[in-house]
Amino acid sequence: MDNILILDCGSQYTQLIARRVRELKVHSEILPWDVGIETIKDKKPKGIVISGGPQSVREEGAPSVSNKLFDMGIPILGLCYGMQLMTKLMGGVVGSGCKREYGRTGISIVDSNAPIFSGITSSFEVWMSHGDHIDQIPPEMHLLASTHEGVPAAMANEDGFFTGLQFHPEVVHTQHGIDILANFLFKICKCQGDWNLGDWIQRMVVVIQDQVKDDSVVCGLSGGVDSTVAAVLTQKALGERLECIFVNNGLLREGESEGVLERYKRLNLKVHYVDASEVFMRSLKGVTDPESKRKIIGETFVRVFEKEAEKIQGAKWLLQGTLYPDVIESGHTGKGAAVIKSHHNVGGLPEDMDLEVLEPLRDLFKDEVREIGRLLNVPFEIIDRHPFPGPGLAVRCLGELVTDRLDTLRAADSIFTEEILRTGLYDKMWQAFCVLLPVRTVGVMGDARTYSEVVALRAVESQDGMTADWVRLPYDLIDKVSRRICNEVRGINRVVMDVTSKPPSTIEWE
Ligand code: XMP
């Protein structure tokens, strides 16, 4: 199997390089910049990428690599800081000062025969993020491209075996970025491109077995894609030694706990089901403030989970479905031990739990996890389902959480979902749900005056949940949903629609 090593000098984009290499169907492995040369040799890489990094190569103690790296007969690609490091080690000059560039920059290719730029137009836009720049490229190298400001943007030796790029080809804002990486992998390193995520699964199964040894693992399942895929993968590695806990907090959607349990049964997962609805309802009695609701739900979850986990004999590990974006958000990237990450899907687990954390998905992005889930036969109802917040319907049932109001919301929400599924729009949007407002309005039903609550419809499209726009649903669909909700759900006499984007609103109402 072809292997590309990525030497991490601390860039926020290192995982993105690995991801792009995976997209091109080549296996890659990230190692810290100070890994020994013998380890590198043992890995038999087809190529090495030196990543970017936040420091200056001119600083004392900044990440560096051994000069011996250049004597191994292995192609090397230096990106940003990596290019500057190559420059320093190969006898060029790196300067600092007025030529800083951040964001989009135009570059022009001056050597169109360079293998790294094979098949690429002569001028294009790239993503830069550097303070230092190359003042003088090393004697062995020649210029391949420069920015419109005259800063060296790319360099290589005669056969392109050693190539440096001042910009980030791994970032989507760089035009032809993926083609440039493909040129490195296939034209320079001669990789085959025959690796796939199925191979990743096989490798990770062995990693989990080596890590956990003969111990047992406990996992909090939410019914969502991340925790389910993590569990199915770990089950493949450990079988019965994985025990899962699924807590029903009474804030799930209609039929959800039954549906989730049935799906887990099909997956042969060993699940401890805890119906803690009453405990949650008691803790939430009289609470209307959104932040207090979230806090109480988080704390109650921890108590319920801990109590159940104590029943599992010999559990030494806590499995979590943490993904790379969660790792970035919590700042736990690069070298250093994993800290317990309070995964918001399971409400946040306490740091003092006497369990080690197992996070097999922590290097992956959501779409890769979905793909792995498909390969592991995780049902599509889990893989393709809309995101559902950890605090559940609590953040959609505005005002006090009482069972009657939650049931009303559940009934309205299930009508909305059913109609969206019927129109085939479900997979085309990020999320759609109902919100129950603590507002009563006057209506008339069968000649009688009503004074009932209001349901708001919320449907959004989004790439990552960070920003979102409201979906322009067909009028016929809105009409049908509105009529069905007023006719079929007791206690509702008015339906409105949320037509705000994020920002200024958030997707959830609380
Ligand atoms: P907001 O409301 O912040 O939501 O625009 C962005 C996305 O995150 C989901 N969300 C949550 N997911 N735990 C979760 O697991 C939470 O506490 C939580 N709050 C919001 C929300 O559904 C949307 O997709």
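Only the coordinates and a few stated rules stand behind these numbers; no lab work does. From a predicted model like this one, the values you see are computed outputs, not experimental measurements. Reconstructed Cβ throughout: ideal geometry from the backbone, glycine too, with neighbour counts over all protein chains shown.
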(Q) I need Met353, Met83, Met1 ordered by Cβ neighbour count within 10 Å, fewest first. (A) Met1, Met353, Met83
Q. Relative to the present Cα-Cα distance, how much length would full extension add between Arg282 and Ser112 at 0.36 nm per residue of separation?
A. 54.2 nm
Q: Give the angle, between 0 and 90 degrees and rounded to the nearest 10, that separates the Cα long axis of helix 403-423 from the longest principal axis of the Cα atoms of the chain.
A: 60
Q. In whole Å and largest first, what semi-axes does the C-alpha gyration tensor of the range 142-219 yield when each eigenvalue is scaled by 5 and square-rooted?
A. 39, 16, 12
Q.
Given a Förster distance of 25 Å, report the FRET efficiency between His173 and Ser122 from their Cβ-Cβ distance, rounded to the nearest 0.05.
A. 0.85
(Q) Just to be sure I understand the model, the point goes 7 Å from the Cα along the line to the Cβ. What's the resulting Lys502 to Glu299 distance in nm? (A) 2.6
(Q) Rg over Rh of the range 170-292, using C-alpha atoms and the Kirkwood radius, what does it come to? (A) 1.17
Q: Would you work out the relative contact order for the chain, in percent, from Cα pairs under 8 angstrom that are 6 or more residues apart?
A: 10
Q. By count of other Cβ within 10 Å, fewest leading, how are Cys9, Cys80 ordered?
A. Cys80, Cys9
Q.
Compute the angle between helix 290-309 and the longest alpha-carbon principal axis of the chain, please, reported from 0 to 90 degrees and rounded to the nearest 10.
A. 80
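Have a look at the DSSP beta bridges in the range 3-188 and tell me what percent are antiparallel, nearest 5.
55
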Q. Over all directions, what mean area does the Cα convex hull of the range 197-383 project, stated in square nanometres?
A. 10.8
(Q) Bin width 5 Å, origin at 0, all Cα-Cα pairs of the range 396-497: what percent of pairs per bin? (A) 2, 12, 24, 22, 18, 13, 6, 2, 1, 0
Q) Here are some pairs, Lys270/Lys311; Lys41/Lys68; Lys213/Lys311; which of them have Cα atoms lying more than 18 Å apart in this structure? A) Lys213/Lys311
**Q.** Förster radius 25 Å - calculated FRET efficiency between Gln55 and Glu29 (Cβ-Cβ, nearest 0.05)
**A.** 0.65
(Q) Under the rule a/c < 1.5 gives rounded, and otherwise a/b versus b/c splits prolate from oblate, where does the range 42-129 land using the Cα gyration tensor? (A) oblate
**Q.** Extended-chain gain in nm, criterion 0.36 nm per residue less alpha-carbon gap, Asp159 and Thr403
**A.** 80.7 nm
Q. Using 0.36 nm per residue, how much length does the chain from Asp367 to Asp427 gain when fully extended, once their Cα-Cα distance is taken away?
A. 20.2 nm
Q: Could you check what % of the DSSP bridge pairs in the chain are antiparallel, to the nearest 5?
A: 50
Q: Could you work out, for the range 3-188, what percent of all Cα-Cα pairs fall into each 10 Å distance bin, beginning at 0 Å and stopping at the bin that holds the largest distance?
A: 10, 43, 39, 8, 0
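Relative contact order for the range 403-510 using alpha-carbon pairs under 8 Å, separation at least 6, rounded to a whole percent? Display every interim value, and only then the final one.
Details: 173 pairs, mean separation 29.5, N = 108.
Relative contact order, the range 403-510: 27 percent.
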Q. Which order results if Tyr451, Tyr426 are arranged by neighbouring Cβ count within 10 Å, fewest first?
A. Tyr451, Tyr426
Q. Tell me, how many Å apart are the Cα centres for the range 44-122 and for the range 238-269?
A. 49
Q) Taking every pair of alpha-carbon atoms in the chain, what share in percent sits in each 20 Å bin, from 0 to the bin with the longest distance? A) 20, 44, 29, 6, 0
**Q.** Between 0 and 90°, nearest 10: helix 366-375 axis offset from the chain longest Cα axis
**A.** 80
(Q) When a/c reaches 1.5 or more, the comparison of a/b and b/c decides; with that in mind, is the range 1-65 rounded, prolate or oblate per its Cα gyration tensor? (A) oblate
